[in-house]
Structures are given as structure tokens and as C-alpha cells.
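**Q** Shown below is the structure under consideration.
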Amino acid sequence: MSWRHSYNQPLYLTFADCFKFRNKVGLDVALESLRDCLQQKKATRDELWEAAKVCRMTNVMRPYLEATT
């Protein structure tokens, strides 16, 4: 067994990370990733909301999730 292990992050956490690091990647990138995620059905709104809780981004992501309904 190797001392390294791989960590496969669920896709919806990656979208939450876009909002977490929105100052570095840009808000337009975060919004586009959210739109693409929902349009291509890569994650549900509930999964995105749980990811927002995990990444402590609920206050940031709430308006955008509500606007896309």
C-alpha cells in the first residue's frame, strides 16, 4: 500500500469550489459552471446545496441557486 492515496472529489463539490475561489477564477466562471452543471444535469440543486454547506458557501451560492429556478 502506498503512502499516497487518491481522492476523487464529487463533481458538485468542484462547482462549490468555483464559488469559494470566485475571486481567483472569476465570478463569470463560477456562474457559467453553475449554469452548465444544471443544464447538463451533472448535479441536482440539492447536491449543490449540500456542497455549499460543506464548503461554507451557503450565503454566497443562495442567490444564484434561487435565481436559476
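A short reminder: the numbers here are calculations on the coordinates, not readings from a lab. Computed from a predicted structure; not experimentally measured. Cβ placement follows ideal geometry from the backbone for every residue including glycine, while neighbour counts extend to all protein chains displayed.
**Q** Given the -39500 (n - 2.57) contribution per DSSP H run of 4+ residues, what per-residue ellipticity at 222 nm results for the chain, rounded to the nearest 500 deg cm²/dmol?
**A** Counting only the DSSP helices, I get -19500 deg cm²/dmol.
**Q** Looking at Ala67, Ala43, Tyr12, which one has the Cα that reaches farthest to the positive end of the dipole of the chain (charges on Cβ: Lys, Arg +1; Asp, Glu -1)?
**A** It is Tyr12.
**Q** Taking 7 Å along the Cα-to-C-beta vector as the label spot, tell me the Leu31-Leu11 distance in nanometres, rounded to one decimal.
**A** 2.3
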